[in-house]
Structure formats: C-alpha cells, structure tokens
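One structure is given below, encoded as structure tokens.
Each reported figure results from applying straightforward, stated rules to the coordinates on display, with no laboratory input. On a predicted model such as this, the values are computed, not experimentally measured, just so you know. We place every Cβ from the backbone using ideal geometry, glycine too, and count neighbours over all the protein chains shown.
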Amino acid sequence: MSSPISNVRPAPDALLTDLADYALSAKITSAEALDTARWCLADTLACGILALAYPACTKLLGPVVPGTTIQHGARVPGTAYELDPVQAAFNIGTIVRWLDFNDTWLAAEWGHPSDNLGAILATADWLSRQQEAGVTPAAFHSKIEIRNSKITVHDVLVAMVKAHEIQGVLALENSFNRVGLDHVLLVRVASTAVTTALLGGTREQVVNALSHAWLDGSALRTYRHAPNTGSRKSWAAGDATSRAVRLALIALTGEMGYPSALTAKTWGFQDVSFKGAPVKLARPLGSYVMENVLFKISFPAEFHAQTAVECAVQLHPLVHDRLAEITRVELTTHESAIRIIDKTGPLHNPADRDHCLQYMTAIGLIFGNLTAADYEDKVAADPRIDALRAKMTVTEDKSYSKDYLDPDKRSIANAVQVFFRDGSSTPKVAVEFPIGHRRRRQDGIPLLRKKAEAAFAAHYGAAKSAALLSLFADRAQLEAMPVHAFASQWAK
C-alpha cells in the first residue's frame, strides 16, 4: 500500500528565490555592462525598426482587436500604436526578433537576450505614462499596487542587464533545446522576473510570478527545424515577452504561486519537461552576460553562420566571376552549426533560408554581402544559389567545437574554401570571432552605430535618424530621461 502524499507546502524552490532576489536587489555597478546595454538598446531598436519594412511582420502588429485604443498606453517604436503593456510587449518583441538581427548568446542553450526588451520597454513606458498622467494604482486596478517612484531609462538599462544575466546564465549549462523545448522559455522567465520587479512587486510576488513562468512549460522547437521551419520563430519571443507581462500583472493582484513548480516530484517542470535533470545556475548572477553578449552587426543571420558569411564575403572578389567553374565549396565549422543550420534540399520561406548555413554562405560568395532582402523569394529564385549549395560540403573541426564551448574564448569559428574545375582553389579563409564579439568590441561599436543610423534613416529620414542616434551619445543624459519621453521619440 502506497504512502499518502504529504500536502505540506514546501519553501519556494531555491532557483525561484535566487532569481527573485537578483531581480529585486542586485546593484549593477559595472560601467562596461551599462555602457554595453546602452548600445544594445540602440541596436535592438534598430532591428525592430528595420523589421517594419516587411508586411509579414507588420500584419501581426497592433491591438488584438483592430481599432481598440487605450489611454496612456505603451508606444510601439516606429508606429502610431499605443497599446496595453501585454500587447505592446508582443509587438515590440516581434519586431525586435523578426529579422534575426538582434544580439545573441551561445552556450549549452542559445538565444537572444535582447528579446526581453519587448517586456521591459512596454512595461516601463506604460508605467511611466501612468505616472506622468497622475493615474493612481487604485484607479488602474483596485487589487494592484504599482511603484510610485519615477521610472527612467536607467531603470530600463538595469533591467536589460538583469534579463540578459538571468537568460544567459541559465543557458550556460541547461540545454532545453536538446529535450525539444524552445529557448524562448528563458525569455519568458527572465522577462517575468524583471518585469514584476519593475512594477514594484514584492519578493513574494516575484517568486509567485516566476513559478507561473516555469509552470507554463515551453513551446516546442518544431518551427525552427526542417521540415517545419517557419515564421513563428520570428514572433515566438514576442509571445514569450507578452506572457511574462501578463504573469507579472497577475502576480501583482495577489494571485498565489506554486513553490515547488520546478522540483515537485512527477508534476514539476524538471520531471515533466527536463527529463528529471535539475535546472541550475552555472555561476553567480552579476553582469557577465551583458558584458560578453554577441552583437549581429554585419549580417542578419543565425549567429553560428556569421563568421562563415564573413569568410564568403572575403572570397567574393576571387569567385564571383568564376561561379560556373566551381566544383566544390568546403565549409568547416563547429558542432552546433552542423546541428542547427546544416541543411540541404528545398528551402520554403525566408525563415527557412536564414537558418541554412549553405544558403547564407552562397549569398556571400555570389553577392559579396548578405541583407534581410536576400532571404526573400525574389533573390532566392536566382538559380546560382541552389547550384552553389549543391556543391557544398560541411565538416566539423573538433578544435572549433572545443573553442566554442570554452567560457574564456567563446569563439564561433567557420572556414570556407572554394575549388575550381582547373584544379586551382582559393585560400582557406577562417574567421574565429565575428565582428560583434566582445574581443572585437572596439571595432564593432562604430559599425553598430552605422547599422542603427541606416535603419533609422530608412524609416524616419536622415534628420530624424541623427536626432535618434544622438540620444545615445551621452549615457548619463540618456539614463536620466523619463521612459515615456524616450519612447515618444520613436513614435511615427
């Protein structure tokens, strides 16, 4: 006869309290982290603004019910939308992620920590507008108490550092993708923690909100892999950030949490979704992730291919007039690239193409560049691309895989060599660290500024672009801005 199950509620899981304490109480003192966050904010907004040129993205934007308006709502950059913070988070998170051009974190689990800006900016802007309008917490919701202290861009940068850290440190040793779960799980968890804290939640409320974030489980990775690769991967992060804001607001009503959401035997996240493995923090939470984050500066491409495209662009002058003479192209890469983006056969849509190592490399060899437009059907119809893909071989270099996992090196190496019918070949060009790597930060930030300037100019015009970029020139002035004043600059 089995023993009865104890109904004594345990203390909250240690991971829940660790994340809550960090979100609420950690002091971010690293000048490097805050300075990187400043440029991360500029870059993330640039990625979102660029996405507004794509109807497949913009059709998803706006309120859930067309025509719905909200007073003192959060603004969606580059648009005229003013929305509730949950739907604003979806909108912002979707445009940020759409082109696969925002920052990246590569570890046992990879992801894009700036995806969290959807929740952070929507919540901060909405709260700032409530404060500016003199709306009291009681007038908003009789059961919710929100913070009264003025919220500035400094709060946004700190929240970005903390969301990066939560998502990135959880990713170091916990590989959710290997059990079929999508990495946006960590976006939801990180955004829930920092959003509940931004709103003025108590420790208990942050813990409760986080328990709900883990109870949600995770989306499957089906939409990221052949033969089902599709555009959901471009709005999945927006979905995760909006859910985080929803959970934060639910927790602030006093809704109960579930203390052993992770560790409960049989029914907890670890047993149900993680094959019984413990979810753990690989290192103390600080500002490590923001300091080491990888920016996508040159190409809107899945990050494991960034250096391959750099190699291809270097080889372009040697091959673009000899494409018909090519007999094979050798791609040498690391294990993660092979597992995620080594793909043969037909590519059905832009989301399929921007996750194909061979396609991205072919574009670089043929055109000497790679832009978001190169994933669209018009460019993909060029017969030279698939002809070149068919001549490619992909092999792993064990040393590349080892250095990819080395926490002190974190390289993302690729090499490309092209062989011709007459027996000649190009040099084997190898690149270990992409331009967005911390080791190339000094060279990368000026190019990041140019990327942002071009994105803003294409949408707003040159004069407005210069004004927007000037917001980031002085960190102290930027940090002092009320969030609603900052967000208003981006409305159109």
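Under 5 Å between amide hydrogens, built in the peptide plane, is the criterion, and for R328 it picks out F419 among residues at least 5 positions away or on other chains. In percent, rounded to a whole number, the relative contact order of the stretch 295-357 is 43, using alpha-carbon pairs under 8 Å and six or more apart. Here the stretch 1-107 yields Rg over Rh of 1.16, to two decimals, using C-alpha coordinates and the Kirkwood radius. Computed packing ranks the peptides 308-315, 258-265 as 308-315, 258-265, most packed first, by mean other Cβ atoms within 10 Å. Computed over the alpha carbons of the stretch 332-477, Rg followed by Dmax gives 18.5, 61 Å. Shown in residue order for the stretch 21-28 are the 3J(HN,Hα) couplings computed by the Karplus curve 6.51 cos²θ - 1.76 cosθ + 1.60 at θ = phi - 60°: 4, 5, 4, 7, 10, 5, 9, 8 Hz (x for Gly and Pro). Candidate cross-link partners of K265 among the lysines, defined by an alpha-carbon separation under 28 Å and a same-chain spacing of 8 or more, comprise K275, K280. In a fully extended conformation the segment linking A56 and I70 would gain 2.5 nm over its present Cα-Cα distance, using 0.36 nm per residue. For the chain, DSSP calls about 75 percent of its internal beta bridges antiparallel. Peptides 440-446, 3-9 ranked from most to least packed, by the mean per-residue count of other Cβ atoms within 10 Å: 440-446, 3-9. Using a cut-off of 23 Å between Cα atoms, the listed pairs K378/K464; K162/K492; K150/K451; K398/K428; K59/K378; K343/K450 include K378/K464; K162/K492; K150/K451; K343/K450 as exceeding that distance.
What's the FRET efficiency of H316 with A226 using the Cβ-Cβ distance as r and R₀ = 22 Å, to the nearest 0.05? In this case the efficiency is close to 0.20. For the chain, the Kirkwood estimate of the hydrodynamic radius, built from every pair of different alpha carbons, is 23.2 Å.
Restricting to Cα pairs below 8 Å that are 6+ residues apart, what does the relative contact order work out to for the chain? Please round to a whole percent.
20 percent
A full extension of the chain between Q489 and K150 corresponds to an added length of 120.2 nm, given 0.36 nm per residue minus the alpha carbon distance. Dividing the mean sequence gap of close Cα pairs (under 8 Å, 6+ apart) by how many residues the stretch 114-256 holds gives a relative contact order of 34 percent.
Cβ neighbours within 10 Å, averaged per peptide: list 43-49, 250-256 in order, most packed at the top. Don't jump to the answer; show the numbers that get you there.
On the way: 43-49: 27.9, 250-256: 16.9.
Per-residue Cβ counts within 10 Å, averaged per peptide and sorted highest first, yield 43-49, 250-256.
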